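The values are calculated or read from the model by the stated rules, or taken from the named source; none is laboratory data. In this text the structure is predicted, and so the values were computed from the model without any measurement. Cβ sites come from the backbone with ideal geometry, for glycine too, and all protein chains shown count toward neighbours.
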Amino acid sequence: MEKSGIRPFGWRDKLGYAMGDMGCGFSFQLVSTFMQLFYLQFIGIKAEDYAVIILISKAFDAVNDVLIGNLVDTKRIGKKSKYMPWIIAGGLILVIFNVMIFAPVTAFPYAGKYAWCLISYCLWSVAYTMVNVPYGSLHSVITNDPRERVSLSTFRSIGASLPAIIIMIVLPNIVYNRVENPVTGVTEEFLKGETLLPVALVMSVIAFATLWGTTKLVKERVQRENSTVNKTGFTALISAFKSFFTNRAMVGATIATIASVALFNSTMALNNMVFQYFFKDVGKVGIAMVGSYAPMIVFMALLGKLTSKFGKKKVIVTCMLVGTIAGVVSLFVPMTTDMTGMLIYIVCLMGLNLGNAVFQISVWAIVADCIEVSYRKTGKSEEGSLYALYSFFRKLSQGIGQAVVSWGLIAIGFVEGENAVQSADFGNKVKNLYFIVLAAGSLIAFLAMAFIYNIGQKEEKELAAAVTENE
């Protein structure tokens, strides 16, 4: 049921919601793109140790996400809004721990470096959850119209894309040095790790400013009436898990998300390495980022019409299948290390990213639909807890992705440490590793959306009809 006396849904909500994921993105994209490189190439953490750090920190998130999700559902820390005060409080804490991650602790003993990386990343995860869970839960209470939720999802994707593009275009020119390798005589790119601390500070301040903008522009309109009292503690955990895992659509969307985030979004460090070691020109990595985002830009304009005609599921499944085929083909496409090869590489990334781009644009509307289905089935207002569980699996997949990257790098012979010299064929190996990881992600997401997710065009129309009847 929508609250009366509040301005109608419109552009302020879309812009404000986009700013929220922009704020999350300036922190998340910086950490996901450069933290692994920072600790492997500058601080000197071993790849196998880094993989363990990520898995431990994500296991820690298992408790963290669900507890914060239940707190958001049951504890108001502000009078007027259920979600906005949590976003502001979490945003302030996120500034501190975002900077802490990139402290240049090179003088620490190895155990100290290891502990600093683990603790700072765990604390960052808590702060990020305090922001991201209430922000994500907003989607289902801004409007209950499925069509308007698609537009919110599109604008959220725009907000998420901007930090990624900025970070990938601007930062390589700041955080890398071009140095002649004394062994090979070839000019190579080396990470200037000390520059990431001031970069993190600037990005954190921008992130908080955009999150503040969300709280000023977005309105909560949907009032959910509980048929039962929200539970707390261990009982809440059991209730949320039951609601989550008995929701087939949520399970399918979550598996697809794990594949998408783990094997697409969390592997950008490999893309950096392709330009660092194969093309030997990290300054042009932003061109690849813009090129790979081309499918997303195109579908942002077309998605509303396509999903209205065919349904979200059919559009996503079709594009995921195309992306999987493109990934397999890319492994056999010959590429040189010059500009021609770089353009071929970018075209291959565009094909690979087709399905993932469509899924990423649609996923927030899909999650809101899944939460709506759960509410109608159980009568429980558990949007915070359900989104927190979804967020946990999303963040767990980030850890899985970084662990996969670390293990993949070990398999192809990566040498850790500042100014380390790699083997002559390492560039080609890391390029092939990147394509394999992306193709695997596309295949898993395709299977989950095609055979598990069960909100098709018919069910979407039923949700829309129910909204119309209640207005």
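Within region 412-421, identify whether any single residue is part of a loop (DSSP other than H, G, I, E, B), aromatic (Phe, Trp, Tyr) and within 24 Å of THR324 (Cβ to Cβ), and answer yes or no. No - not one qualifying residue is present in region 412-421.
Does ALA89 meet the test of being closer than 16 Å to VAL31 by Cα and modelled with pLDDT of 80 or more? Criteria not met by ALA89.
Please determine whether any residue of region 125-133 is out of contact with any Gly (no Cβ under 9 Å at 6 or more places or on another chain) and aliphatic (A, V, I, L, M). Explain how you work it out, then say what you get.
To start, the set of residues in region 125-133 that are out of contact with any Gly (no Cβ under 9 Å at 6 or more places or on another chain) comprises 125.
Okay, now just the ones that are also aliphatic (A, V, I, L, M), so none.
No, region 125-133 contains no residue that is out of contact with any Gly (no Cβ under 9 Å at 6 or more places or on another chain) and aliphatic (A, V, I, L, M).
Conditions tested, residue by residue: (1) in a loop (DSSP other than H, G, I, E, B); (2) in contact with an Asp or Glu (Cβ under 8 Å, 6 or more places away or on another chain); (3) at pLDDT 85 or above; (4) farther than 20 Å from ILE436 by Cα.
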| position | (1), (2), (3), (4) |
| --- | --- |
| LYS305 | no, no, no, yes |
| SER308 | no, no, no, yes |
| VAL315 | no, no, yes, yes |
| PHE332 | yes, no, yes, no |
| MET335 | yes, no, yes, no |
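Among VAL274, VAL261, which is the only one that is in a helix (DSSP H, G or I), modelled with pLDDT under 90 and crowded, with 22+ Cβ neighbours inside 10 Å? If you could, list the steps in order and put the result at the bottom.
On the way: VAL274 fails: modelled with pLDDT under 90.
None of the other options fit; the residue is VAL261.
Quickly run through region 349-390 and pick out the residues that are farther than 29 Å from VAL66 by Cβ and buried (at least 23 other Cβ atoms within 10 Å of the Cβ). Give the steps one after another, and end with the answer.
Just the residues of region 349-390 that are farther than 29 Å from VAL66 by Cβ, to begin with: 349-355, 357-358.
Passing the criteria: LEU349, LEU352, ASN353, LEU354, GLY355, ALA357, VAL358.
Restricted to region 282-301, and to residues there that are more than 22 Å from the chain's Cα centre (by Cα) and not charged (D, E, K, R), the residue that is modelled with the lowest pLDDT is GLY283. Scanning for something farther than 15 Å from VAL222 by Cβ, in a helix (DSSP H, G or I) and within 16 Å of the chain's Cα centre (by Cα), does region 376-385 turn up at least one residue? No; the residues of region 376-385 include none that is farther than 15 Å from VAL222 by Cβ, in a helix (DSSP H, G or I) and within 16 Å of the chain's Cα centre (by Cα). Only residues that are among the aromatic types (Phe, Trp, Tyr) and either without any contact (Cβ under 8 Å) to a residue 12 or more places away in the chain or crowded, with 24+ Cβ neighbours inside 10 Å (or both) were counted across region 394-434, and they come to 1. You will find that of GLY91, GLY112, GLY136, the residue that is surrounded by fewer than 17 Cβ atoms within 10 Å (Cβ to Cβ) and in a helix (DSSP H, G or I) is GLY112 and no other.
The numbered conditions (1) outside any helix (DSSP H, G or I); (2) surrounded by 16 or more Cβ atoms within 10 Å (Cβ to Cβ); (3) of a type in the set (Gly, Ala, Ser) are all true for ALA107 except (2). Within region 337-348, restricting attention to residues that are without any contact (Cβ under 8 Å) to a residue 60 or more places away in the chain and in a helix (DSSP H, G or I), the residue that is surrounded by the fewest Cβ atoms within 10 Å (Cβ to Cβ) is THR340.
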